[in-house]
Structures are given as structure tokens and as C-alpha cells.
1. Quick one: which helices (runs of 4 or more DSSP H) sit completely within segment A:898-990 and have at least 2 residues that are hydroxyl-bearing (Ser, Thr, Tyr) and surrounded by fewer than 23 Cβ atoms within 10 Å (Cβ to Cβ)?
2. Tell me which residues, restricted to segment B:317-339, are open to solvent by less than 10 Å² (accessible area, probe 1.4 Å), touching a Pro at 6+ places or on another chain (Cβ under 9 Å) and either without any contact (Cβ under 8 Å) to a residue 40 or more places away in the chain or not in a loop (DSSP other than H, G, I, E, B) (or both).
3. How about segment B:81-108: which of its residues are of a type in the set (Ser, Thr, Tyr) and open to solvent by 30 Å² or more (accessible area, probe 1.4 Å)?
4. Going through segment B:76-97 one residue at a time, which ones are within 7 Å of another protein chain (Cβ to nearest Cβ) and among the basic types (Lys, Arg)?
5. Of the residues A:GLY461, A:GLY439, which single one is open to solvent by 20 Å² or more (accessible area, probe 1.4 Å) and either touching a Lys or Arg at 6+ places or on another chain (Cβ under 6 Å) or not in a helix (DSSP H, G or I) (or both)?
6. Scan segment A:819-826 and give yes if some residue there is assigned to a loop (DSSP other than H, G, I, E, B), surrounded by fewer than 18 Cβ atoms within 10 Å (Cβ to Cβ) and either in contact with a His (Cβ under 8 Å, 6 or more places away or on another chain) or at pLDDT below 95 (or both), otherwise no.
7. Within segment B:34-70, can you find the residues that are in a loop (DSSP other than H, G, I, E, B), of a type in the set (Gly, Ala, Ser) and open to solvent by 10 Å² or more (accessible area, probe 1.4 Å)?
8. For A:LEU448, indicate whether it is within 26 Å of B:ALA95 (Cα to Cα), away from chain B (no Cβ under 14 Å) and open to solvent by less than 50 Å² (accessible area, probe 1.4 Å).
Amino acid sequence: MCHSRSSVKKVVLLGSGALKIGEAGEFDYSGSQALKALKEEGIETILINPNIATIQTSENVADKVYFLPVTPEYVEDVIARERPQGILLAFGGQTALNCGVKLFQSGALARHGVAVLGTPVQAIIDTEDREKFVSKLGEIGVKTIKSEAVTSAKEAKRVAARLGYPVIIRAAYTLGGLGSGFCDNEEEMEALAQKAFTYSPQILVEKSLKGWKEVEYEVVRDRYDNCITVCNMENFDPLGIHTGESIVVAPSQTLTNSEYHKLRLLAIKIIRHIGIVGECNVQYALDPSSEDYRVIEVNARLSRSSALASKATGYPLAFVAAKLGLGYGLHELKNSVTKSTTACFEPALDYIVCKIPRWDLGKFKGVSRELGSSMKSVGEVMAIGRCFEEAVQKGLRMIGQGMHGFVANKELAVGNIDEALSHPTDKRIFVIAYALHKGYSVEKIHELTKIDRWFLEKLRGIVAMEKALEAYSSLESLPDELLRGAKQKGFSDFQLARTVLKAKSSAIESRMMEVRRARKERGVTPVVKQIDTLAAEYPAQTNYLYVTYNGAAHDVPFPRDGRDVAVLGSGAYRIGSSVEFDWCSVNASHTIRKRGYRSIMINFNPETVSTDYDECDRLYFDELTLERVLDIVDLEQPVGVVVSVGGQIPNNLAMRLHSCNVPILGTAAENIDRAEDRHKFSSMLDEIGVDQPRWKELSSVSAIYRFVEEVGFPVLIRPSYVLSGAAMNVVSNRDELEYFLTLATSVSKQHPVVVSEFIENAKEIEIDAVAQGGEMIAYAISEHVEFAGVHSGDATLVFPAQKMYVETMRRIKRISRQVARGLNISGPFNMQLLAKDNDIKVIECNLRASRSFPFVSKVLKVNLIELATRVMLGEQVEPPHKSAFELDYVGIKAPQFSFSRLQKADPVLGVEMASTGEVGCIGDDFSEAILKAMLSVGYVIPKKNILLSTGDSRSKVDMLSAATALQENGYNIFATKGTADFLEANGVKATVLHWPDQPHQPNTLTYIKEKKVDLVVNIPKNLSKDELNNDYLIRRGAVDFNIPLLTNARLASTFIHAFCKLAKKDMKIKRWDEY
Amino acid sequence: MLEDGSRFTGYSFGAEASASGEVVFNTAMTGYPESLTDPSYSGQILVVTYPLVGNYGVPRAESSGSIPLFFESDRIHVKALIVSDYSFEYSHWNAAQSLDSWLKEHGVPGVYGVDTREVTKVIRERGAMLGRVVAEGDGEPAEFFDPNRENLVAQVSTKAVQTFGSGRYRVALVDCGCKYNIIRCLLRRDATVTLVPWDYDFTALDYDGVMISNGPGDPQLCGATVANIKKGMATGKPIFGICMGNHLLALAAGATTYKLKYGHRSHNQPALKVGTSTAVITSQNHGYAVDPAKLDEGWEPYFVNLNDGTNEGIRHTSKPFFSVQFHPEASSGPVDTEFLFDDFMESIKKSIKEKSK
């Protein structure tokens, strides 16, 4: 028996905090798996993670949960209080790893007698510090990219000159390539180096290997030195594009046996030499014209790639890594899919998976769309097929950006094809389709992109198939072989309707169903295959499934005994839809099982817990398109489908599924439609006498002017999505309206614009609730710290609402009851409302779970999804006792932004959502909760100097008391001219800093670049101007130089008052269950 | 077409011909040029579970000395190749031709568009079976052919004694269907390799150690080799067996062999070194296994399969005789157990030293 296995009784696990670019839902999956593994051993687990929307912070996962910042001081406080014997650092991404290294280096772990389980900290340091890493691998003759660590820009330039441009710059100790990039010349180098130094005191300059293949291996090692590689993956995009930005396939496709095993052996040599116990990821560059290679990096922890590898193979890496950390050997663990064979093996795949990143660059103002060595994508999908064409076409549909596969999409507007191919953006794969359509050869595309010809040939084959289909114009004339061939190459019914039937967009839905009917009549239907880790060599005990046309028989039987309930998951994480909906989906699945049904989960996001085959009875890792859901429903014939827990994707399918006679559980599809359709919803509100901001759908410019005249400025303008360049916006005056209308050039009947009255300085309120047969049985009312105008996903949410009139509260409950009755809701729903002086208006209503469901459920300690699911299953649910809604503590949900990764994006909040994640913290009072939450999303309490630039006169007034508090607490205030004058006039001393465009010192930008200020408050003067201006330069500077930034007067004032009032010692270290 | 009546249809590539043999599946994801030339597949119709095959073409026929650099023998040994998705377009710097044209060159038929996972499940449930590939237009197909009734070893073994390299240590290599990589592994370790026919009495040679190679078919048909091994054991010189070599050494040491339900053919077979916590990932290709129960005194199991508990090797407790069921020479597959060649060379060195004492 191993020492640690018997002596460790209590373990702390660090989570990764809020979702951000480079660190997303994958760590909820790995952390949850690790906790499951520890629980199985009877070890008491303590989790520190402020990400309240995760599965890992739910009941019955960890024994104790702390919604606290994952920072050394808070973690040490928890350790001092809980006295654990061990700590796990590898399951919470870079956040947990960095925190753990700091705790180790400060001696805190030794002081409290806490052992790091799994990979020793020294091994982590050896892989994180680039110089140590290179010399460590050098010791065993493993080649790394020739790079040199430098500590000044001058040194960097000297090294670059010697290596020869192009070079790549990386900052040490950062997330997913933060602060890295390519430099083609000295000027680019100067700019990038300066920025990189703000993230890390050390940067690396290395020769660029652009165009080499990029290959990754996931390696596992136990304490007996047994090693396996669980999966290898090949990037479709060659070196030069961050692996998080690349399309990736598993297993590798263009590597020979000799290359595969050469890199595999190196990976094992490396993991042994570094001394990892658990899991690590090794990334290689492989010369496309020899077997020469370089090791790019080693991640000594679970990573995004390891989550992908787990889903791609069915091998639960995090679970196994946790067990190895406790001292088990690989051979002592079972394969959790077969339950009979050992975990000491390497999965054999009999399918191909294709991961495609999901970008949301359109949501950010001014961001550069070019892809490079730093990650910008906010989520990813994984598609499974039995040929590359099938997998990639599925994947391109899954990313949910209006594409239907590789071909048969809306024509893309590509200016210069060569340029677009050689300078990749988020649209590159479609540019390849465009180029192939324009007759570009594989060779030419290869030259411009360096993508391996094998992938390009396969893509060319898809275009050839499209041409073959286009030669027909009816389904009757289409030969069986071609029809089946197209389905095998991943063509959807939609693509067939478009290519064969030449269906117009307006009729596509019915033509698609025509294809479906004809196809089924001709017996062209897909089969269900199982992922079993051993390519059918041993039978699998789990139901991890996918659907394919490349097969002759189903792997599983379909019981069809009226006990199956299907849950539609949330798809790729993106701005506005992420881990919250995964929490809802998993909780719905659990409830379904608890109530005696079998749950069928459909989802395709590898970063989730819902796609863990342990969380449901059958997992279909497949598309959430109408076609695929119908395929699955045809086979499984479930008693019903839950569409209200996975966010907007399933919600949008409700009506369409209903019209195909699929039983929708909960609120009727017609009523979902009545809430979704602006006109229907509006007339329902009128009927029940509920107020809403005045709005109109307008299709001419003159009508817009007339309406604005009537309601007055400001107004909220929402163009239909085809009007690119004109996002949803608040327009405050005639000038702005004119400017907006020049962007939205084609306002017409086909492309109408919705204009709504915008109520200034109104309180925004959310209600999350569950109704049963039209009666509201549970609810949670929260308010925003910010005034209306900040997207609810970017707002700071307070629950229970702290500053609301009792009368307002009463009215909201009444309105909610009326709406629940009006729409006969059975299940979850969410409403957003505006309140100004007890005058309440409804902005929006969704008959589904919302982003805030996990937050309010956990603060309330009433699981609203469980209640809603039971309602949807048709049970008569008792409403929770009234006292459950009276809390004597406060929960705050705060957004996490990832602007630092989105070069040039303006870090300002508006009506379009921009945050990538969130945290939820609990405090005894409002100030404590808000401080914990703000610290959790990366704010730090300023030491001394604060820069204020507080916008228009109204926000200047709003900020005055905060400025006074700062002065009283001994902070030095720096301010731009107008703000300083205003503060002086009101008795607050401030040092004037000049605007960025003024050539004078002291200048705001210099102070920011030299990091002479600890906090920047910059309130935009109006809500819409998006041109580069002084304010933008200050905000962007703060982000680029890693200085905490606040851009909302209400939030800034709240934060400042909170940290002036409370010190670190006032912050209570309390578990969730102690509130 | 399988013995039990199951039929699968697909499209032809490679040679347009019919074929008959024992149907086996392999779950490896790489290495078709190596596998197809592995003599152990002699007489077999190979079903590949990894669906995408042919992606990187077939390498150049270049040789180093008299051994081709990239193949395991001088020809394709499988009777036919069954895959799901054949890649007509290949891409690799080292490729000289497509898999299709290579199969054509060797007159071996290929079939693509087959649900190889389903074929595998049939074999898994009902056991290894005989099967036929019938080309369209070929009227009455060939009879089912059971390769295991024939002495396949005799068919694939070298007819003449051949010598490779000029290293310091002299290794007699009994060719039961030897993969070139065994020779390469020995040559890299300063050996002179004398390749001898399967029934050759190697004890007549002046040698420092003997290696019994892999090979196809039923080990019980190789009585001549077993007899020679027994003679070899009497000399006390090191013996190292691989795959068929493990069967034959086991038979020489009193154990028996039996046919597995569907064999082990993959790159991911875990084997535990008996009595330790050392587990290795191995490349395997065998349809028969050793039952170690009747091993003579002085012998013990060396490795055991972690999945199904079958024997993966035996060794003598005091003498330098050992063998493994898996393929330490890999090619194709993981190379983690190549250290066994080092162990073998060490035992040769030790044995020479002891003799000179």
C-alpha cells in the first residue's frame, strides 16, 4: 500500500474560477471527475472555486465548497481553517497551477503540512519556466524550439536579429498564449515585447516554424513509472495558429507509424524525465518533409486538450490522473468503459473526431479578426464521424454560425482570396471552400495555407460531391448511391435541399423535410455507433454514442419502453451561453434518473460535464440540428424531449420539433413561440395589462425618425442580423442616429429594424422562476448593480435584491404570475424588467432556464432546475416553503471579461454582451459579497494610486462620494482635466494627467504603461461612439498593461466603497453550507 | 462473406481479385505498410477497425544493406485488406505510391466501404472465422480456405541461410516468418545475424545466442523447431523468442498452446511483468496463446495480459531463456519494450564472459 493512499483523508482541490478565453468549461469537467475519483476513495474533498455555475460546485460533488477567489491568500485561509493533508493543483487550469506554485514558493504549503498530490511542484516549475524547460529536455537530448529568454525589449531585439525574422514571442506563466505573437520585423517586435512584459517579467524569443505540422500527445504516468499515451491529435492548421484556434483531428491523420511512435516515445521520455505523476500534454512541431521535430511545450496539468482527448477517446483522463495522484498504479485501475479491462492501455479509435473552435469576434468592437499564436475563441465543438468529411461537415454545423457544413452555405464575401488564405481569420475554412469553388487547386491552397494536402483533398472531395449533386434537380432522379454517398460525406438534408432541390431560403424548411421523407422511404438512414475505447475488441458497458452514415448496423438496441426522456444540451460555449446551461442540462438529466426514467443527453461540446457518459443513461455526442434530433427521436422514441434547459439552441428547436410531432415536455411549444415572437408577446402583455417599453418594428428610415420623435432619445436600435456593421446599440441623439443609419444601409421590409424606447437610469431586475400549469411555484428576484443599458450577462447581479422597494418587489411577483398564467408555463422561465419609481416594464421573457438559474439556485439552496424538471415530467410539485425565500446573506454574480486576449477590442460595456464567464460569491452583507466577487474575476484592491476619468456630468456626480471615500482612505487620485476640476470644486484633491492625444507629461498613457496606477476608472461619455478616441486609448491601455479597469460608474462606486469599508481581515472564510 | 453466412459489401481497390483465408481484425490506427508485409498475417484476410486507411500512401522501396527501410518483408502477406474509408489521395513526403497501386502490384485485393466495426463485433462474438472476398463478376467463389491447417511457417520462412551485418555478437535467428525489424533491432546492438530456415538445426552453427522469430499459423505444426530449441536449451546459450517464438519455446518447455477466440491484433495490449508493478504497452499480432500451467520445473510466466489474463511471455528462473508473446521490435506499434533486445544482448555478453572464465 502506498503511503499517501492510506494517510490522506482530506484534500483541497482548486478550481479555475470564471470562464475566460483560454480557460473554459473543460476545467469544470476535469475538476468534477477528480472529485468523483476522490469520493470513491472515501476522501473528504474541499473545493475552492468562485464559479458558481459549475457542476463541481453543486451539492454532492465536493464535500465542502468555498465560493472564494482562487488566490494564494484566500486559499491559505481555507487551508488554515480546514487543515487538509493534500492539495490537487492540476485540475483547475493555469489559475490553480499558478496559485499552487505561489503557495509552494511562499512556504505556505509546508507551513500547513499540505502535500501536493500527483505531479510535484518542482516538475510544474520545470515545465513553466521556459529556460528551465529547455535545459531539462536538453538533458535527455530532446529538441525544443530554439528560444531565448530575455528580460528587456532591447535584449529581445538583439536575439531576434540573430535568429532572423520571423520570430515568435511568448510570455512565460500565462494562459493560452497571452501576450504572444509573431513579429516579422523590428517594429512589430518592439510593440509586442513591451506588451508581453506586462504579463510576465520574462519573455521568450524564438525562431518561427510557421508551416510545420502541429501534433499533440496526452501522456499519463503513474508512480511506478508506467506510461501511456491516451490520444494524439493533429492540427489541421499548421504551426502559427494557436492550438486553441485550430481545427484539430484525433487521431493524427497524416503521420506514418514511424512518426507517430517517434513522437509517442519522446512524450514518454519527457514525462518520465520531468517526473509527472498524473497527466500532461506535449505539443510538437513536426517538419512536413522529414521526421525532424521540436517540442513546443509541455503542460503539466489537465488542459483543454486533455478534456478533448477524454471525450475523443472515452478515456477519463482527469479521473485517472486523480487516482494516480493518490498513489494508484495504472494497472490497478479499471477501464471505465468496458469495466472489465484495465485502465493501463491506449485507446484504439474506430472513428475520427474533429474539433472546431467557436469564435464570437463579431461581439467585440474593433477587435482584430486575424488568427495567430494567441487564443481568441470562446468555445469549441467536437464532431465524430467515420470519415473526415462527415466529421468536419458535422462540426461546421455545430459551431452554430449559420453554416450548414463545408458547402451549400451563404456565399461569403471574400475580397482577395490569396490574402484571405494566407492571413487566416475565423472564416478561413469557408475561404477554402470559396477558393475551391473558384477553381483553386489543392496545390495552390496548400502553398498559401500550408495545410496538409490530405485535408485539402478531402475538402476538395466535398466540393466535388456538391457539384455531382447539383447536376440533379429532383430527388427521384438522384441515384441511391449518390444520395447515400452524400450522407456518408456528411451532407445534411438541408444541404441536399439546397444543392439538389435548389430550395430558396424561404422554403428550405419544407424542402428539407421532403428530403428527409424521401430518404427514409429509400432506407437511407443513419446508424448509432458506440465509443468504446477499444475499437470493438471488448464490449462496452457505457452508452457513449454518435450517429453516422458510414455503418451497416446499430451498436445498441432501442428499448422504446416509455422510460426514456431526452434532454437537449447547450452546444458550443459562446458569449451568452456557457457553463450555466451545462449545469441546467446535467441537473435535468440527474432529476430524470432520480425520478425513475432513463435520460438521453444530446450535446456536442467537449468542454462540458453533460457530455460525460456517466451523467446520463445514453449520451449522443452529436448535432443539435432538427435533422439529427429527429433521427435520434425516431430511433429512441422517448416519452418526451426537454428543450428548456440548454439555452437558446434547444429553445429554437421547440416549435420545429413540435410540428414534427415530437412531444415537448413542459410549456407547450406554441407558448414558447408566443414568448419568442416579439409581436405575439407584446400583444399578450397588452391583454393582461402589463407595461413594456414602447417599441416598433420599422422598415424605413422615415418611419424610424417619426417613431423617435414620438418616444424621444435615447432609443435602443436592434437591426436584423444580416445588417453587419450595425450591432444593437443605444442611440442618444440625432447625430448618432444618422451615423447608425449610414451603417445600416439596407433598412427594408426584409431587413427591418426594431426601435425601442430606452429608459435612462432605470433599475434592471431579473426574475428566475418555475411554474406549474401556469402557477408560479418558486422564484428568485435579483437586481443589477448597473443601470439598465448594460447587457444582463455583463451586469453585476445581486440576489436577493438589496435596494428595491417592497412595492416594486410585490408588483414584479404579480406581473410574473400574470405572465406565467398567460403563457400557461410549466417549467423554468426568466423575465427581465425595468423599474423606475415603482413603475415596472417588462423587457424580455424566456420560457427556459436562464444564465442565472445556477446562481440563484445555489444562493437560495433550492434547485430550481430539479423543481422544473419534475414539473416537466408531469409530477405535482409542492412549492418550497415561503421561508426558503428569506435569506440573511447576499449573493453577487460578477462577469469575467477576456479583453486582454482580444487585441484592439474596446473594453466597454453596452447592450451587446461581451463577458466570457462569471463568478458568484456569498457574503454576510453586500460589500463583502461584492468584494469577494470582484477579486474572483481578477480585480485587486489598489495599493495607492487611482486614475479617474469619469465621463459626463451625471456620472461625475455618481462617482463623487466614491472619490471622497478614496481620499479619506489615503489613496492618491489622478484624474483627467475635467474630472480633476470637478473633484477640486467638490473638495477632493486630484493630480491632473493629460489625455493620451496631448503631448504633455504627466500623461495618462505614460502612467498606465509604467504601471504607476493600480486601478483605472474610465466612464465612457456616451453609449455608442465607437471611434478611436482618448477614452478608448485609456481603456485599452489599462487592459493591455494589465491594470484593473472599471467602466461603469455605479459598479466603480460600489467597488470603491466596498474596499474602503472592508479590509481583507473582514472577509469571512465561510463554506457554502455555513450560510 | 464470412463462414457463418454474414455478408458485407463494399467497393474494390487494389487488385480486382477474389481471396479466401482466415478473417482477423486489427485495431491499430497506424502502420498499414508494416502490417501488410508482416509474415504473421500470412493466409489471413485483414480487417482494419480504424476507418481511414491509405492517408499517407506507401513509402519508397529504399533499402539499407539488403533490408528495405520501410517494410517488414519482401512482399504483402495478407490475402486481402478490408477497410471502411480508403483514401485515394495520399499525402506524405516519404510516399512513393498509393496503397491502391501497391496492392495492385502485389495482386492483393482490397475492399473499402465496409462497416469494419460491425465485422469486428461479429468476430468478437462468434470467434475468428474463415472468410472470402468475392470480386463482382467472379461467379462461384473460391472455397473457404483454412490457413491454420497448413504449415504457414514453412511457406514464409527463408529457404537459405543468410547473414546480415558484421557485429561483435553472433545471433542465430530462426525464421518462422521473421519481421525485418527484428533483424534491424539486433544489428543496432552490434550483432551479426544469421537467418536460418524454420527447421534448421541452429545448434550446428557457431553462435552466441538464438532468437526465435514471430510467424504465422498454428505453433503445433512446428515440431522441428521445437526439437531444435530443446537442443539449444541444452547448450545453455541465451534464447529469446518473440510471438511464435514464445509459443515454440513454451512447447519446448513443456507447456501447451491453444487458439484464442479472436486473437490479439493491436498496438494497445497491456502486459504486466509478473510479480512487479511494471506494465508495458505492446504491439501484438497472434491468434494462439500459451497455457503456462504445464510449464516444466524451472520455468515461470514472465508477462501476463492485463485485459484477459492470457500469457504474454515465459522465462527460465536460472538460465538465460525468455520469450514474449508481444512484439518488442514493434513496427508497427509502440516501441516501449525494445529494452528486451538489450536484455538479450546483455545475457549474451554475460554468457560469453562466463564461458571464457
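The values are calculated or read from the model by the stated rules, or taken from the named source; none is laboratory data. Worth saying up front: this structure is predicted, and the values here are computed from it rather than measured. In this analysis, Cβ positions are derived from the backbone assuming ideal geometry, glycine residues included, and neighbour counts consider all displayed protein chains. The protein model used for the area step is the full one, side chains on, heavy atoms only, and it has no ligands, DNA or RNA in it. Shrake-Rupley method; radii C 1.70, N 1.55, O 1.52, S 1.80 Å.
1. Working: elements: A:926-936, A:953-968, A:977-985.
In segment A:898-990, A:953-968 are the helices (runs of 4 or more DSSP H) which contain 2 or more residues that are hydroxyl-bearing (Ser, Thr, Tyr) and surrounded by fewer than 23 Cβ atoms within 10 Å (Cβ to Cβ).
2. The one that is open to solvent by less than 10 Å² (accessible area, probe 1.4 Å), touching a Pro at 6+ places or on another chain (Cβ under 9 Å) and either without any contact (Cβ under 8 Å) to a residue 40 or more places away in the chain or not in a loop (DSSP other than H, G, I, E, B) (or both): B:PHE321.
3. So in segment B:81-108, the residues of a type in the set (Ser, Thr, Tyr) come out as B:84, B:86-87, B:90-91, B:98, B:101.
Within segment B:81-108, B:TYR90, B:SER101 meet the criteria.
4. Scanning segment B:76-97 gives no hits.
5. On the way: A:GLY461 fails: either touching a Lys or Arg at 6+ places or on another chain (Cβ under 6 Å) or not in a helix (DSSP H, G or I) (or both).
Criteria check complete, one pass: A:GLY439.
6. Within segment A:819-826, the subset assigned to a loop (DSSP other than H, G, I, E, B) is A:823-826.
After this cut, where a residue has to be surrounded by fewer than 18 Cβ atoms within 10 Å (Cβ to Cβ) as well, the list is A:824.
Narrowing the set further to residues that are either in contact with a His (Cβ under 8 Å, 6 or more places away or on another chain) or at pLDDT below 95 (or both) leaves none.
Taking every residue of segment A:819-826 in turn, none turns out to be assigned to a loop (DSSP other than H, G, I, E, B), surrounded by fewer than 18 Cβ atoms within 10 Å (Cβ to Cβ) and either in contact with a His (Cβ under 8 Å, 6 or more places away or on another chain) or at pLDDT below 95 (or both).
7. Looking only at segment B:34-70, we keep the residues that are in a loop (DSSP other than H, G, I, E, B), and these are B:37-38, B:42-43, B:49-51, B:54-57, B:60-62, B:65-66, B:69-70.
Filter again for of a type in the set (Gly, Ala, Ser), leaving B:42-43, B:54, B:57, B:61, B:65-66.
Across segment B:34-70, the qualifying residues are B:SER42, B:ALA61, B:GLY65, B:SER66.
8. Values: within 26 Å of B:ALA95 (Cα to Cα): yes; away from chain B (no Cβ under 14 Å): yes; open to solvent by less than 50 Å² (accessible area, probe 1.4 Å): yes.
The answer is yes for A:LEU448.
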